[in-house]
Amino acid sequence: MPDSTIEDGSDYFNTVTYSGTGSSLSIPVGFIPNFTWIKRRNAANNHQAFDVLRGSNVLVPNENGSESDYSAYFDFSDSDGFDLPAASVNMNNSSGTYVAWNWLANGSGVSNTVGTTPSTVSANTTAGFSIVSYTGNSTSGATVGHGLSIAPEMVIVKLRSGGTNDWAVYHYEMHSSPQNKLMYLNLTNAVTDSSSPWNDTAPTSSVITLGSGNITNGTTDYIAYCFHSVEGYSSFGSYTGNGSADGPFVYTGFRPAFVMVKKTSGTGSWYIYDLTRLGYNGANYVLAADSSTSEISGKEIDLLSNGFKWRNTTNNGNASGGTYIYMAFAENPFKNANAR
């Protein structure tokens, strides 16, 4: 894990909340985001995901469909944040409350020919995050350059056009042989055996390797989000639940501004917590990436100065003997962080 040169995590990842107006609305973020994920909090509406390489085309993290043109409803700002030009129930309803998680990559993207399959890449090597667009060729062993200098620890891939397919997830700690396994962002399934997505090959410092299956490498367009840990800013790992209200503590090295967890040993939702929607321990609200349901208030997790701790026996985060993966991003590095 590289040492962090990031003094303020909110320069690279920031959560914002807002209320819809049903008319044109601009949402400041603190930077021009390159990946924005929006969810309505107070009603059962779909998640919405946008990135700089796809522009105003939306993908739905809790569903398996192709992208749709949302240029009438969403656009990245030229100066800060993003714009919502018109009413939409998923992002800008007059009675809606919303959360938007925002990541900074590296702008509009550049051509990458490191792999056998050409790609367009927006890569932020400082923050360990890249967005990769490529066209599949249904060839086992095809490689795609990801633009980072370290092997990704988590990769999320989605078919963009030409039909339906689930969101493929690779996480380096989802199994002892993660290159032979698969998880789905839009489903609650446990980790499953599959050589198709990654061709039995773990990511390297330059490429991800694909099988011939439609989930990552059919003959259509795909988008991939690649992440690796950066000390003091981001963390990707695993832990084992104990089924106790005095649950496991997971060290990240920073106060998490965002945590997403998923059970690997059985079914369970992709639970998302952040510091912004309520932001104090004992009552952190949860949303599920695999579901359109509104947020749930609970007492499940404490977000601490150097990690997070479970305070509940939920199957989705702390079943006895259950194994879990997580991704987390910092509010501040540990040296600057204090628990709330």
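The values are calculated or read from the model by the stated rules, or taken from the named source; none is laboratory data. Remember, it's a predicted structure, so these values are computed and weren't measured experimentally. Cβ atoms come from the backbone with ideal geometry, glycine included; neighbour counts cover every protein chain shown.
Tell me the residue from S26, S56, S19 that is more than 20 Å from T276 (Cα to Cα), modelled with pLDDT of 95 or more, surrounded by fewer than 19 Cβ atoms within 10 Å (Cβ to Cβ) and over 17 Å from the mean Cα position of the chain (by Cα), please.
Values: S26 fails: more than 20 Å from T276 (Cα to Cα); S19 fails: more than 20 Å from T276 (Cα to Cα).
From the options S26, S56, S19, the qualifying one is S56.
Of the residues making up region 135-157, those that are outside any loop (DSSP other than H, G, I, E, B) and farther than 13 Å from G115 by Cβ are M154, V155, I156, V157.
Count of region 11-38 residues, restricted to those that are of a type outside the set (F, W, Y) and in a strand (DSSP E or B), is 10.
In region 150-175, the residue that is surrounded by the fewest Cβ atoms within 10 Å (Cβ to Cβ) out of those that are of a type in the set (D, E, K, R) and over 15 Å from S66 (Cα atoms) is E173.
In region 182-209, the qualifying residues are those that are hydrophobic (A, V, I, L, M, F, W, C) and touching a Gly at 6+ places or on another chain (Cβ under 7 Å), and the one that is surrounded by the most Cβ atoms within 10 Å (Cβ to Cβ) is W198.
Condition (residue is in contact with a Gly (Cβ under 8 Å, 6 or more places away or on another chain) and at pLDDT 95 or above) applied to region 270-285: is it met by at least one residue?
If we filter region 270-285 for residues that are in contact with a Gly (Cβ under 8 Å, 6 or more places away or on another chain), which is where we start, we get 271, 283-285.
Then drop every residue that is not at pLDDT 95 or above, which leaves 271.
Within region 270-285, one or more residues are in contact with a Gly (Cβ under 8 Å, 6 or more places away or on another chain) and at pLDDT 95 or above.
Exactly one residue out of A100, A105, A86 is farther than 27 Å from S234 by Cβ and of a type in the set (A, V, I, L, M): that is A86. Scoring G147 on the criteria (1) modelled with pLDDT of 95 or more; (2) surrounded by 17 or more Cβ atoms within 10 Å (Cβ to Cβ); (3) closer than 25 Å to V60 by Cβ leaves a single failure, condition (3).
Within region 187-237, how many residues turn out to be in contact (Cβ under 8 Å) with a residue 40 or more places away in the chain, farther than 19 Å from N137 by Cβ and outside any loop (DSSP other than H, G, I, E, B)? Number satisfying all stated conditions: 8.
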